[in-house]
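Colleague: Next up is a structure, given as structure tokens.
Read the figures in this text as sums done on the coordinates, not as results from a lab. Computed from a predicted structure; not experimentally measured. Don't worry about glycine lacking a Cβ; one is built from the backbone with ideal geometry, like all the others, and counts go over all protein chains shown.
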Amino acid sequence: MATLLYIDTAGPNALVGISKDQEILGFKENKVSTTHAEFVQVAVKELLISLSMTVSELDAVVVTLGPGSYTGLRVGLASAKGLAYALQKPLIGLSTLQLLAHRALQTLDQDAVQIFSMLDAKRMEVFGGVYDTSLNEIQAEQAFEINEDLLKSLLSKGKVVCIGSGITKTKTILEDEKIQFLEEHYSMHDLLALAMVKWEKNQFEDLAYVSPRYLKEYYFKPLVK
């Protein structure tokens, strides 16, 4: 099997963890988004020491590629790429939206549903993806404008389960018994589950070309002179 190092700085809370085979050995979290950059390297070192491990025992590095915080994604990917390159280990990239969908599946029955993972993207937009219960994409990950027409279109195909930080605004658009809202976030267990699938299939990222998945062009506010 595999010993994997995880780096997730896509959201307000950052996580660094280590798993071996199907077991989570340990993890550390940081809840101050402005200090994710300082947190990652220190957390990796402290976690390895606490587990009496060395970096040479790692088989791969896992990182969340987004969507998520612009700065957070850059911090996480830079750290993960640096470690993977230095150790000559493969890099596994995970979608934050697919992780949310996996989390939703852990709380649902097996009725046919559509899982709409959504992260708040300001105004009436979300970064979202729609999945079936096998985590296959029904609608590709993209920036969605949340409106009644979109929701009705999804509902015409069956029950919809919404999960992620975008559900707050979505709740105000349309009330329907076929829409369910989950106020949950993915966990280390979800990271482990999806990372192992990619490990077993040898689905690794190209270190030279992998980049964060912003899903929308980032706007830099001009400096006022």
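Colleague: Beyond 29 Å between alpha-carbons counts as too far, so tell me which of Lys169/Lys201; Lys31/Lys169; Lys45/Lys216; Lys152/Lys201; Lys157/Lys216 fall in that bin.
Modeller: Lys169/Lys201; Lys45/Lys216; Lys152/Lys201
Colleague: While we're looking at this one, here's another question. Is it possible to state the helix-based mean residue ellipticity at 222 nm for the chain, with each DSSP H run of 4+ residues giving -39500 (n - 2.57), the sum divided by total residues, to the nearest 500 deg cm²/dmol? What is it?
Modeller: -9000 deg cm²/dmol
Colleague: Please name whichever of Leu25, Ser156, Phe39 sits farthest to the positive end of the charge dipole of the chain, dipole taken about the Cα centre and charges placed at Cβ: Lys and Arg +1, Asp and Glu -1.
Modeller: Phe39
Colleague: Could I ask something else about it? Relative to the longest principal axis of the chain, what angle (0 to 90°, nearest 10) does the C-alpha long axis of helix 96-105 take?
Modeller: Taking the Cα atoms of the chain, the angle to 96-105 is about 70 degrees.
Colleague: Give the relative contact order (percent, whole number) for the range 49-91; include only Cα pairs under 8 Å separated by 6+ residues.
Modeller: Taking the mean separation of contacting Cα pairs over the length of the range 49-91, I get 47 percent.
Colleague: Right, something else. At a Förster radius of 22 Å, what calculated FRET efficiency corresponds to the Cβ-Cβ distance of Ser56 and Val197, to the nearest 0.05?
Modeller: FRET efficiency, Ser56 to Val197: 0.35.
Colleague: Here's another thing I want to ask about it. State whether the range 102-175 is rounded, prolate or oblate according to the following rule on the C-alpha gyration tensor (a ≥ b ≥ c being the square roots of its eigenvalues): a/c under 1.5 gives rounded; otherwise a/b larger than b/c gives prolate, and the remaining case gives oblate.
Modeller: Prolate, since a/c reaches 1.5 and a/b exceeds b/c.
Colleague: Provide the percentage of antiparallel DSSP beta bridges, counting only those with both residues in the chain; round to the nearest 5.
Modeller: The antiparallel fraction comes to roughly 60 percent.
Colleague: If you don't mind, there's one more thing I want to ask. Non-local amide H neighbours of Ile138 (under 5 Å, H modeled in plane, Pro and chain starts lacking H): which ones?
Modeller: Under 5 Å from the amide H of Ile138 lie the amide H atoms of Val130, Tyr131, Asp132, each far enough along the sequence or on another chain.
Colleague: Out of residues 5 or more away from Arg213 or on other chains, whose amide H comes under 5 Å of its own, with H placed 1.01 Å from N in the peptide plane?
Modeller: Gly66
Colleague: Which order do the peptides 91-98, 70-77, 138-145 take when ranked by the mean count of other beta-carbon atoms within 10 Å per residue, highest first?
Modeller: In descending order of packing, they fall as 91-98, 70-77, 138-145.
Colleague: Also, I was wondering about something else. Counting Lys and Arg as +1 and Asp and Glu as -1, each charge on the Cβ, what is the dipole of the chain about the Cα centre in debye, to the nearest 20?
Modeller: 760
Colleague: With a bin width of 10 angstrom, please list the P(r) values of the chain as percents of all Cα-Cα pairs, from the 0 bin to the one holding the largest distance.
Modeller: All Cα pairs, binned at 10 Å, distribute as 8, 33, 33, 19, 7, 1 percent.
Colleague: Counting only C-alpha contacts under 8 Å and six or more residues apart, can you give the relative contact order of the chain as a whole percent?
Modeller: RCO, the chain: 19 percent.
Colleague: Return the long-range amide H neighbours of Ala121 (sequence gap of 5 or more, or a different chain), with a cut-off of under 5 Å between placed amide H atoms.
Modeller: Under 5 Å from the amide H of Ala121 lie the amide H atoms of Val126, Phe127, each far enough along the sequence or on another chain.
Colleague: Which one, Ile115, Ile179, Ile49, has the greatest fluctuation when you compute a Gaussian network model over the chain with C-alpha springs under 10 angstrom?
Modeller: Maximum among the listed residues: Ile49.
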